[in-house]
1. What does the extension gain come out to for Asn12 and Gln122, with contour length at 0.36 nm per residue minus their alpha carbon separation?
2. If Phe120, Phe89 are ordered by their accessible area, calculated over protein heavy atoms with a 1.4 Å probe, which sequence runs from highest to lowest?
3. Can you tell me how much longer the chain between Gln40 and Tyr114 gets when fully stretched, taken as 0.36 nm per residue apart minus their C-alpha distance, in nm with one decimal?
4. Using modelled backbone amide H atoms (1.01 Å from N, in-plane), which distant-in-sequence or interchain residues come within less than 5 Å of Asn72's amide H?
5. With each pseudo-label sitting 7 Å past Cα toward Cβ, what's the Ser93-Asp47 distance in nm, one decimal?
6. What residues qualify as long-range amide H neighbours of Asn104, i.e. H under 5 Å apart, gap of 5 or more or another chain, H built at 1.01 Å from N?
7. If you roll a 1.4 Å probe over the heavy atoms of the protein chains, what accessible area per residue do you get for the stretch 1-47, in Å²?
8. Please give, to one decimal in nm, the separation of the simple spin-label points placed at Met58 and Arg24, each 7 Å out from Cα toward the Cβ.
Amino acid sequence: GHCDSYIQTWVNGLQAFGRPVYLRPFHEFNGNWFPWGIGQNGNTAADFIAAWQRLKQMFVPAPNVKFVWCPNIEWNGSSWDGTTFTASFPGTSYVDVLGLDGYNRPGLQGGTWYTPTQLFNQALTSLQNLGQWPAAYRYVDQNHSLADPAYQQQLIAARGWVFFPGEAANVPSTI
């Protein structure tokens, strides 16, 4: 509650803006690299859900603001912190769009490059188990080019993407 007045300025400003805004708070909450992550600073899945629901309730006066629930991919059966997507889902009335972040970084993954299907399939299946949703996928690949037709086919086969060519990219390409 100590940030409520600050958040309210955003609610008011985005309400006045009036055009669609997709807000992705607490992104990659299931990882261990952000202070809001589950398992960080004593945060639990229940804490995450409560914080998400409270924030969403604050934005009720701004119906143009859509909330994007965006975990990092699941890997080997669970999220990085061991929490399944289902255990941290705030509920259908609190989420407007499902998102999914995933990174293909061979230097951090034992030198292995994974196809989009290998990297995302488990997580996409988990998201599908939450119901039918419009989805936005973020995929960062620092080693391949969209100019490669074989690579384009891999992305298309993996269900469609918003593609950011490298982490420092400012403008996404799309397929």
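The values are calculated or read from the model by the stated rules, or taken from the named source; none is laboratory data. Computed from a prediction, not measured in an experiment: that's the story for all the values here. FYI the Cβ positions are ideal-geometry reconstructions off the backbone, even for glycines, and counts take in every protein chain you see. Heavy atoms of the whole protein, side chains included, go into the accessibility calculation; ligands, DNA and RNA do not. Shrake-Rupley method; radii C 1.70, N 1.55, O 1.52, S 1.80 Å.
1. Details: separation 110, 0.36 × 110 = 39.60 nm, distance 3.85 nm.
Difference between extended and current length: 35.7 nm.
2. Order by accessible area, largest first: Phe89, Phe120.
3. That works out to 23.9 nm of additional length.
4. Glu28, Phe29, Asn30, Gly31, Asp101
5. Result for the modelled spin labels: 2.6 nm.
6. Val140, Gln142
7. 65
8. 2.0
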